[in-house]
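Comments concern the structure below.
The values are calculated or read from the model by the stated rules, or taken from the named source; none is laboratory data. Computed from a predicted model, the values in this text were never measured in an experiment. Positions of Cβ are generated from backbone atoms using ideal geometry, with glycine treated the same way; all protein chains shown enter the neighbour counts.
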């Protein structure tokens, strides 16, 4: 297995633009998570999927953020009308159902909003 | 809600033993995990405690006391490559108790 992959690794965008990130989880993992991490902080939970179903979203997640996992495999995270405060590392992780405490993280997408 | 407290920085020398503490407040508890993250890298899973006691995995051990809402990560025979950030995390008590809530992390610096 090649592990969790994310694309792109870096994204620079201007404020107000929309961006979309992709995550490919470990193939046998049916749970997929999105986190956001800023410098000096731990990863902050955004949302997660069980197969194609989005089961939980952070109450702090703005309506500008949306995520999909249409076929229960890869997932996309879209941020609309980006703001400078959205600048962060966006991490994707995956796990099996029975071991959700053991999550495998991808390398992340670093977003810079100018 | 949940909150986790851990020291922001710890320093040690090669070969030493270091303990990183974590206290937590949760409305529901599903276990305490530990993750390691090197600069520029992704978090990687180290250990998990659901029940009280010590779990040992090579040079790393993790301890949990549910009555004290406390756990620690013990790193023995420190090596330079252990310099990294270490996060404790609890599982969220949302719909499925699945999402991880992370502490702010402890930066460990190992010197020779």
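When residue B:82 is evaluated against the numbered criteria (1) surrounded by 18 or more Cβ atoms within 10 Å (Cβ to Cβ); (2) closer than 24 Å to residue A:89 by Cα; (3) within 13 Å of chain A (Cβ to nearest Cβ), which criterion, by number, is the only one it fails?
Residue B:82 satisfies every listed condition except (3).
Which ones in region B:17-39 are at the interface with another protein chain (Cβ under 10 Å from one of its Cβ atoms) and not in a strand (DSSP E or B)?
Answer for region B:17-39, where residues must be at the interface with another protein chain (Cβ under 10 Å from one of its Cβ atoms) and not in a strand (DSSP E or B): B:30, B:31.
With A:46, A:77, A:55 as the choices, which residue is within 29 Å of residue B:8 (Cα to Cα) and touching a strand residue (DSSP E or B) at 6+ places or on another chain (Cβ under 7 Å)? Give the steps one after another, and end with the answer.
On the way: A:77 fails: within 29 Å of residue B:8 (Cα to Cα); A:55 fails: within 29 Å of residue B:8 (Cα to Cα).
None of the others qualify; the one that does is A:46.
Any chance region A:61-73 includes a residue that's more than 8 Å from chain B (Cβ to nearest Cβ) and closer than 19 Å to residue A:2 by Cα?
Among the residues of region A:61-73, at least one is more than 8 Å from chain B (Cβ to nearest Cβ) and closer than 19 Å to residue A:2 by Cα, which makes the answer yes.
Of B:108, B:46, B:78, B:54, which residue is part of a strand (DSSP E or B) and farther than 24 Å from residue A:36 by Cα?
Working: B:108 fails: farther than 24 Å from residue A:36 by Cα; B:46 fails: farther than 24 Å from residue A:36 by Cα; B:78 fails: part of a strand (DSSP E or B).
One residue alone meets the criteria, B:54.
Being crowded, with 17+ Cβ neighbours inside 10 Å, modelled with pLDDT of 95 or more and more than 22 Å from residue A:95 (Cβ to Cβ), is that true of even one residue in region B:35-50?
Scanning region B:35-50, I find no residue that is crowded, with 17+ Cβ neighbours inside 10 Å, modelled with pLDDT of 95 or more and more than 22 Å from residue A:95 (Cβ to Cβ), so the answer is no.
Can you name the condition, by its number, that residue A:19 falls short on among (1) more than 11 Å from chain B (Cβ to nearest Cβ); (2) under 11 Å from the mean Cα position of the chain (by Cα); (3) in contact (Cβ under 8 Å) with a residue 40 or more places away in the chain; (4) surrounded by 15 or more Cβ atoms within 10 Å (Cβ to Cβ)?
(2)
For region A:14-114, which strands (runs of 3 or more DSSP E) that fit wholly inside it have 1 or more residues that are touching a helix residue (DSSP H, G or I) at 6+ places or on another chain (Cβ under 9 Å)?
Numbers: elements: A:19-24, A:31-37, A:44-50, A:53-57, A:65-68, A:75-79, A:88-95, A:109-113.
Of the strands (runs of 3 or more DSSP E) lying wholly inside region A:14-114, those with at least 1 residues that are touching a helix residue (DSSP H, G or I) at 6+ places or on another chain (Cβ under 9 Å) span A:19-24, A:31-37, A:65-68, A:75-79, A:109-113.
Being surrounded by 20 or more Cβ atoms within 10 Å (Cβ to Cβ) and over 19 Å from residue A:3 (Cα atoms) is the filter here; which residues of region A:74-85 pass it?
Restricting attention to region A:74-85, the residues satisfying the condition of being surrounded by 20 or more Cβ atoms within 10 Å (Cβ to Cβ) are A:75, A:77, A:79, A:82.
The answer is A:79, A:82.
Taking region A:25-50 as the search range and keeping residues that are in contact (Cβ under 8 Å) with a residue 60 or more places away in the chain and farther than 22 Å from residue A:85 by Cα, which one is surrounded by the most Cβ atoms within 10 Å (Cβ to Cβ)?
Across region A:25-50, the extreme among qualifying residues is A:32.
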